[in-house]
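The values are calculated or read from the model by the stated rules, or taken from the named source; none is laboratory data. Just so it is clear, the structure is predicted and the values come from calculations on it, not from any experiment. Heads up, the Cβs are rebuilt from the backbone with ideal geometry, glycines too, and the neighbour counts pull from every protein chain shown.
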Amino acid sequence: MINHNLRFALLATILWSMPSACMVGSAWAHEGPPFPILIDHSVANHTVSVWADPDIGEARFFIVVETRDGNRPSEAPKVSLWTEPTSGRLDRASYAAEQQPLRHSMQFFAEPYFDQRDFWNIGIRVSSTGGETEEIMVKVESTPPGYGAWDLAIYLFPFVLIGGAWSYAMAKRIRHYRESQQQQSDGMVESDEGPDHERHQEHALMEATR
């Protein structure tokens, strides 16, 4: 019975862990966290920082634009982005960067397309409202969107660890419960064989010797 309950606890743990693990694995594989590729660079009378998530397929680039003193610009410049492989195997592709509706900062978002794992030149062009246009270029490597089975195993490990501890605690509790029930049963047997039982045995012996 204990083994049956332990198997049930393990099954419940696996079923409990699967949805959370799948959500975590899915979120990481397709929406990995962006990382900075350019910080506080002066462009067209603005300060520009770029964060990127260069996954193969639709990549994500976030361009943060500030004034020279670190404040939100009063007027939005025009921002665009272009990509090309460093090997020159593809022509340059241009993408418009759309301003995102943020209250306290000015951020632009672009989704360039990377067809395969490669090194890419990324150009960020900023045109101020005063007519000044400047461009900066950085290099990034496009990467696969996740690590497959290893990615899932890494993020599943904490759930399995917690589930294993829970299963062990449940099995221990079930074992203690069974031992308690057995002790109570043994106590009832001993009480049935107490003084009353001995008197019945003496009476039966006297009747037999008459």
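When you look at residue 116, is it within 16 Å of residue 75 (Cβ to Cβ) and either modelled with pLDDT of 95 or more or of a type in the set (S, T, N, Q) (or both), yes or no? Answer is no for this residue.
Out of the residues in the stretch 114-134 that are over 15 Å from residue 93 (Cβ atoms) and of a type in the set (Asp, Glu), state the one that is surrounded by the fewest Cβ atoms within 10 Å (Cβ to Cβ). Of everything passing the filter in the stretch 114-134, 132 is surrounded by the fewest Cβ atoms within 10 Å (Cβ to Cβ).
Count of the stretch 44-59 residues, restricted to those that are touching a Phe, Trp or Tyr at 6+ places or on another chain (Cβ under 9 Å) and farther than 17 Å from residue 139 by Cβ, is 2.
Restricting attention to the stretch 81-99, the residues that are surrounded by fewer than 13 Cβ atoms within 10 Å (Cβ to Cβ) and within 31 Å of the chain's Cα centre (by Cα) total 2. The sole residue among 107, 116 that is in contact (Cβ under 8 Å) with a residue 40 or more places away in the chain and assigned to a loop (DSSP other than H, G, I, E, B) is 116.
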